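The values are calculated or read from the model by the stated rules, or taken from the named source; none is laboratory data. These figures come from a predicted structure and were not determined experimentally. Ideal geometry is used to build each Cβ from the backbone, glycine not excepted, and the neighbour counts take in all protein chains shown. Side chains are part of the model used for accessible areas, which takes the heavy atoms of the whole protein and leaves out ligands, DNA and RNA. Shrake-Rupley method; radii C 1.70, N 1.55, O 1.52, S 1.80 Å.
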Amino acid sequence: RQDSGRGEPKTLWGSSEPRPPTAGPGQPSPQQRTETLGFYESDRGRKKKRSLSDLSLLRFISAELTRGYFLEHNEAKYTERRERVYTCMRIPKELEKLMFFGIFLCLDAFLYVFTLLPLRVFLAMFRFLTLPCYGLRDRRLLQPAQVCDMLKGVILVICYFMMHYVDYSMMYHLIRGQSVIKLYIIYNMLEVADRLISSFGQDILDALYWTATEPKERKRAHIGVIPHFFMAVLYVFLHAILIMVQATTLNVAFNSHNKSLLTIMMSNNFVEIKGSVFKKFEKNNLFQMSNSDIKERFTNYVLLLIVCLRNMEQFSWNPDHFWVLFPDVCMVVASEIAVDIVKHAFITKFNDITADVYSEYRASLAFDLVSSRQKNAYTDYSDSVSRRMGFIPLPLAVLLIRVVTSSIKVQGVLAYVCVVLFYCGLISLKVLNSIVLLGKSCQYVKEAKMEEKLFNPVLTATPGKPAGKQQGTFKSTQGISTDENGSTSVTNQPVHQKENMPSFLVTSNSDQFLTTPDGEEKDISQDSSELKHRSAKKDLLEIDRFTICGNRID
């Protein structure tokens, strides 16, 4: 019922207060609930007191000493860190393998100037002089390779006589009179200038070779052979003087009393670590830097040889003085090796590059050597090394010949016999080095599974299309020839093609390999709309990518 006056509900027993709940079947009574609630509250209070008692210094120290953790919960992370350590431990071995192979490649190109180049020039001159006796079989007086050899020989002779007008003694005393800080700045400037002039020098020589051997039927688009020749002579002469100043500065550092200048010059190598370690490097950039390090190390060896020759001459070739110079020479070489190892180890660590990449770089250099021995090779091997590493042997050879002829006096018949025997020894060393390098190069190419690229010549690249993507329609009849006994020949002379026939050259597939050193050929062709907006600079950059100063850094 409800009260009509107040409108408040009333219970059945006439009171407005709620009826106390009664326990249903299977439920605790209100008294039991009250007792349970009180028990929980007392238990909560005991736990709170216990937790306050646990916060003691002894229990904190005990927890710090006895707590544990499980590394397998993050197994991938720790496995990656361990692989990084193993990679850093493998870097010295793999890097020195690449350096060792690259230095012998530079040595082979350097010995070529002293040994085989004079003989090839002599054969080219003999052919030119005896040409009327045999008649003009084709339109060319000389083969393109013979023209390039004669140009190299003439440049070498002219620059050698021009170097006689440079006084080495005056340059030495002029540099020695400068302060230490000035010499340090001069040496740094010389290193930068050497890299810049090397990158431009090979372009000057290539322009001369192409201008002198370009087919005459084509429209003339150059300034002439003679201007290019004078530019090449000027370049080789200036570069030789630059290297002479470097050698003189290093000689002054060796002869200083407190060796402070030599220490400062060696510390300059460690500054190179700061400038390169903390930069982002891809595989292509690391390959360029590795080639630069190979060239720099070989050039330093030749500079040390020049310094030793000049010092031994001043002390009348006393063997005891050589052992005085030997510790300084070892210190310079050891610092160079240590800097290269530390630099490459941290670059590979910070950029997650494995140590196996150096074997791929070595295979790329080996591919250049093998491809230059083919019948229809488009460049000489020494020029291929120059483009790949930035090592140009002509200026260094001019300087070394100038220093040797001024330091060693040849008098008497016995002295000339010794010179002839020494020249024969150089030829033997060159031939032996070439044979060993060719065998090792074939082995590295097979290990990298690149031999099929030698047997599959493709069309020369047309503007807007990469050379690696154009498929040739001819089989490999111009590649490495095989005789009846099954032996492979890579030293045959090129066959001259007719002018009206389209030229099919074996393109440098190593460039394609170097662009993707992991062996995967990436498709870089874009849509037709994108190709319309490409400039000619893209096509020119495809020609020569790997000079020392980074004409193209991907």
* **Relative contact order %, the range 244-380, counting alpha carbon pairs below 8 Å whose residues are six or more apart** => 34 percent
* **Cut-off under 5 Å, modelled amide H: who pairs with Tyr378 long-range** => none
* Asked: Which percent of the accessible heavy-atom area of the range 236-282 goes to carbon and sulfur, probe 1.4 angstrom?
  -> 68 percent
* Give a quick list of GluC sites (Glu not before Pro) in the range 261-368 that DSSP marks as loop, anything other than H, G, I, E or B, with at most 15 other Cβ atoms within 10 Å. => Glu282
* Out-of-range pairs (alpha-carbon distance over 23 Å; input Lys295/Lys440; Lys152/Lys446; Lys259/Lys343; Lys343/Lys453; Lys280/Lys349; Lys259/Lys349) -> Lys152/Lys446; Lys259/Lys343; Lys343/Lys453; Lys259/Lys349
* To do: Provide the per-residue ³J(HN,Hα) series for the range 202-215, in order, calculated from phi with Karplus coefficients 6.51, -1.76, 1.60 and θ = phi - 60°, each as a whole number of Hz, with x at glycine and proline positions.
  => 5, 5, 5, 5, 5, 5, 5, 4, 6, 5, 6, 10, 5, x
* Write down the accessible area per residue of the range 55-107 in Å², having rolled a 1.4 Å probe over the full set of protein chains. => 80 Å²
* Asked: Of the heavy-atom accessible surface of the range 160-216 (probe 1.4 angstrom), what whole percent is carbon and sulfur?
  -> 70 percent
* Considering Cα pairs under 8 angstrom that are at least six residues apart, work out the relative contact order of the range 325-464 and quote it in whole percent. => 34 percent
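Under a 1.4 Å probe, what is the accessible area of the range 268-392 per residue, stated in Å²?
So the range 268-392 comes to 38 Å² accessible per residue, rounded to a whole number.
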